[in-house]
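Working notes, beginning with the structure itself.
The values are calculated or read from the model by the stated rules, or taken from the named source; none is laboratory data. Owing to the predicted nature of the structure, the values given are computational and were not obtained by experimental measurement. Methodologically, a virtual Cβ is constructed for each residue, glycine included, from the backbone with ideal geometry; neighbour enumeration extends over all protein chains shown. For accessibility, only protein heavy atoms count, side chains too; no ligands or nucleic acids. Shrake-Rupley method; radii C 1.70, N 1.55, O 1.52, S 1.80 Å.
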Amino acid sequence: MIVGDGTHKYEVVEGWEQLPSGWSHGDVAGVATDSQDRVYVFNRSEHPVIIYDRDGKYLDTWGDLETYPRPHGITIADDFVYLVDATDQTVRKTTLDGKILLTLGESGKVSDTGYQARAPQNLTTIKRAAGPFNVPTRAAIAPNGEIYVSDGYGNARVHRYSAAGELLQSWGEPGDGPGQFNLVHSVWVHTDGRVFICDRENHRVQVFGPTGDLLTIWTNVTRPGDLFISQDGTVYVGEMGWEKGTLDMAAHPLPEDRPSKLTVRDLDGNVLSSWGGPDPCASDGFSAPHGLWVDSRGDVYVGEVTKTALSAFFKTTTWEERCHSLIKFARI
């Protein structure tokens, strides 16, 4: 099956993932590749990090549920792995084989924002911004080695660290005004230093300078879950859909059906290509594109929190075995 438009067309690689016999994994929170295009799948199972070659052959696994109880975001830069766990409240920098080199945050400790995770439309319970962390979501590495962390479900901030792990700066507060956030769900730092933030439940991408000066806002997106910028400046955005008649996590009414999709854009946010359809479990559809990555050959990998999304945001589709949580699109 071919998806996409114009010069950004891809072929769905059916059956790409070759899990060992008897293994399974649930939601795939994030995916990334190293310098050899090996694929690291950060997932919510007893095998938090599963590694494949680019053809989907299983290579290795590492990590445990005590260290990574709820995986959320993964980034690989210069063959170092940065793993963000939403329950452990930490960002861990590791080697490619899982040796921990640096930890940001304190395991299990949350900052005081007033957040009540189990409340309906829980983003509305955040009373104030605070320091690191309260359910962090993703880390990104700047060209100078600084680490940016999006934080997150229980906070409304972006934190900037030195390469050595010293907190340099934080910005943001709860709300829907310029520079405010309702679920800072992902972060990416472009090679020119611009910081792109998926402000998910405000349905926008906010773009900042390296020290938090707001530059522009993209409003032509739907619940952006993750964002990746390739070396040629092409932007890939995973957009999470909704069904009419529900409320999002910030208590915004959802007035129409919108299917989840992946959009390919230029650096100004203009859409160059997109795909996704009404069936979230079809090979050309998505339930919740939560994490994405593009390898050195231009192939796209998308991880989805399928079971979570189909129980929380979809009323007409329920999870079944055919519903994918990891899919590869080969660039044509």
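Observations on the model:
- Against the test of being touching a residue at least 40 places away in the same chain (Cβ under 8 Å) and within 16 Å of the chain's Cα centre (by Cα), the options Glu243, Glu239 yield a single qualifying residue, Glu239.
- Pro224, sole failed condition from (1) open to solvent by less than 10 Å² (accessible area, probe 1.4 Å); (2) touching a Ser or Thr at 6+ places or on another chain (Cβ under 7 Å); (3) free of Cβ contacts under 8 Å to residues at least 60 places away in the same chain: (2)
- Residues being touching a Leu at 6+ places or on another chain (Cβ under 8 Å), without any contact (Cβ under 8 Å) to a residue 60 or more places away in the chain and assigned to a strand (DSSP E or B) - total across region 41-69: 5
- Within region 105-121, the presence of at least one residue that is within 30 Å of Ser35 (Cα to Cα) and touching a residue at least 24 places away in the same chain (Cβ under 8 Å) is confirmed.
- Considering residues of region 94-104 that are out of contact with any Lys or Arg (no Cβ under 6 Å at 6 or more places or on another chain) and without any contact (Cβ under 8 Å) to a residue 60 or more places away in the chain only, the residue nearest to Gly152 (Cα to Cα): Thr94
- Test set (1) at positive phi; (2) touching a residue at least 12 places away in the same chain (Cβ under 8 Å); (3) surrounded by fewer than 18 Cβ atoms within 10 Å (Cβ to Cβ) - Gly22 fails condition number: (2)
- Against the list (1) touching a Leu at 6+ places or on another chain (Cβ under 8 Å); (2) in a loop (DSSP other than H, G, I, E, B); (3) of a type outside the set (S, T, N, Q); (4) closer than 30 Å to Pro259 by Cα, the condition Phe196 fails is (2).
- Hits in region 70-95 - residues which are assigned to a loop (DSSP other than H, G, I, E, B), open to solvent by 40 Å² or more (accessible area, probe 1.4 Å) and of a type outside the set (D, E, K, R): Thr87
Here is a yes/no grid of residues against (1) at pLDDT 90 or above; (2) crowded, with 18+ Cβ neighbours inside 10 Å; (3) part of a strand (DSSP E or B):
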residue	(1), (2), (3)
Asp232	yes, no, no
Leu267	yes, no, no
Ser274	yes, no, yes
Gly291	yes, yes, yes
Arg322	no, no, no
Lys328	yes, yes, yes
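- Single residue of region 124-180 satisfying the filter (in contact (Cβ under 8 Å) with a residue 40 or more places away in the chain and hydroxyl-bearing (Ser, Thr, Tyr)) that is most open to solvent (accessible area, probe 1.4 Å): Thr124
- In region 296-312, the residues that are at pLDDT below 90 and either among the charged types (D, E, K, R) or touching a His at 6+ places or on another chain (Cβ under 6 Å) (or both): Lys307
- Hits in region 246-265 - residues which are without any contact (Cβ under 8 Å) to a residue 24 or more places away in the chain and assigned to a strand (DSSP E or B): Pro253
- Qualifying residues in region 234-251 (those that are at pLDDT below 95 and farther than 18 Å from Gly152 by Cα) - the one most open to solvent (accessible area, probe 1.4 Å): Lys244
- Boolean, Thr308 is of a type in the set (Val, Ile, Thr), open to solvent by 20 Å² or more (accessible area, probe 1.4 Å) and either more than 23 Å from Met1 (Cα to Cα) or outside any loop (DSSP other than H, G, I, E, B) (or both): yes
- Check on Leu215, open to solvent by 40 Å² or more (accessible area, probe 1.4 Å), modelled with pLDDT of 95 or more and part of a strand (DSSP E or B): yes
- Test for Ile51: is it farther than 17 Å from Val28 by Cα and either hydrophobic (A, V, I, L, M, F, W, C) or crowded, with 20+ Cβ neighbours inside 10 Å (or both): no
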